[in-house]
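Coordinate-derived values only; no laboratory data. Just so it is clear, the model here is predicted, and its values are computed rather than measured. Here the Cβ positions follow ideal geometry from the backbone for every residue, glycine too, while neighbour counts run over all protein chains shown.
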Ligand code: SAM
């Protein structure tokens with residue numbers, strides 16, 4: 001198969017994935033669907049898993065970490081209710097795929113990754129795809145990014161032991177925090193919406209993420 005055919009094939013699989021895994025399960029935000037139709041997920045997956053890039057599940061990206069299931073990326077992004085000028089913080093850059101989806105919606109995306117090699121790889125992938133202003137920082141995302149706060153949306157893509165107060169404090173008025181909370185192995189996805197100094201908490205679904213490691217997360221063992 002030539003390069004052009006491979007590109008066509010990936011696009012077909014991507015559109016199929018959006019219909020069968022996202023639309024069929026109730027994802028309806030057009031800007032999320034449009035982003036996921038256009039971001040080449042296959043480029044964010046290690047070469048040896050490229051043929052599985054559109055599978056309905058997470059995939060390994062090295063260093064014991066994963067790129068999340070497409071449906072979970074779509075659901076979490078939809079829960080953020082982003083406008084085109086929203087400022088967003090992602091905790092857990094991983095492969096950079098979720099960041100690319102966010103960057104299709106708003107240019108103001110900040111992402112923190114604790115593993116330097118993954119951050120560097122994600123940065124390179126995003127730059128190679130032509131994304132400008134890729135704001136990735138290596139560090140402990142459980143402390144947020146106070147210099148850039150407040151955020152209209154904060155998305156945590158690893159499982160926390162509790163709803164992180166520091167992150168709640170970095171939400172703008174009306175801002176949304178999407179965070180999986182539970183044990184190191186299974187969690188519940190929560191959406192926390194800030195109104196003044198009140199925080200409304202909704203349960204979205206059960207989920208399975210790698211652990212959030214850090215000062216307000218799990219210990220690194
Ligand atoms: N969003 C990613 C993507 O699109 O590929 C998937 C993220 S993966 C499920 C979770 C990531 O969170 C891992 O890369 C892990 O190293 C990172 N992580 C865990 N604890 C962290 C912390 N305290 N700060 C920043 N990143 C963290």
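When you scan region 196-221, how many residues do you find that are assigned to a strand (DSSP E or B), in contact with a strand residue (DSSP E or B) (Cβ under 7 Å, 6 or more places away or on another chain) and touching a residue at least 60 places away in the same chain (Cβ under 8 Å)? Steps first, answer last, please.
Residues of region 196-221 assigned to a strand (DSSP E or B): 198-207, 211, 213, 218.
Add one more test, that the residue is in contact with a strand residue (DSSP E or B) (Cβ under 7 Å, 6 or more places away or on another chain), and what stays is 199-207, 211, 218.
Those still in the list that are touching a residue at least 60 places away in the same chain (Cβ under 8 Å) too: 204-205, 207.
Of the residues in that region, 3 qualify.
Residues in region 35-47: is at least one surrounded by fewer than 17 Cβ atoms within 10 Å (Cβ to Cβ) and out of contact with any helix residue (DSSP H, G or I) (no Cβ under 8 Å at 6 or more places or on another chain)? Write out each step before concluding.
Residues of region 35-47 that are surrounded by fewer than 17 Cβ atoms within 10 Å (Cβ to Cβ), as a first pass: 37-38, 40, 46-47.
If we keep only those that are out of contact with any helix residue (DSSP H, G or I) (no Cβ under 8 Å at 6 or more places or on another chain) as well, we get 46-47.
Yes; the residues of region 35-47 include at least one that is surrounded by fewer than 17 Cβ atoms within 10 Å (Cβ to Cβ) and out of contact with any helix residue (DSSP H, G or I) (no Cβ under 8 Å at 6 or more places or on another chain).
Scanning for something within 21 Å of residue 121 (Cβ to Cβ) and within 12 Å of the ligand (Cβ to nearest atom), does region 71-78 turn up at least one residue? Show your work before the answer.
The first filter runs over region 71-78 and keeps only residues within 21 Å of residue 121 (Cβ to Cβ), leaving 72-73.
If we keep only those that are within 12 Å of the ligand (Cβ to nearest atom) too, we end up with 72-73.
Yes: one or more hits.
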- [ ] Taking the options 91, 115, name whichever one is within 12 Å of the ligand (Cβ to nearest atom) and either buried (at least 24 other Cβ atoms within 10 Å of the Cβ) or under 14 Å from the mean Cα position of the chain (by Cα) (or both).
- [x] 91
Task: Selection count, region 126-159, where residues are away from the ligand (no atom under 11 Å from the Cβ), touching a strand residue (DSSP E or B) at 6+ places or on another chain (Cβ under 7 Å) and not in a strand (DSSP E or B) - done: 2
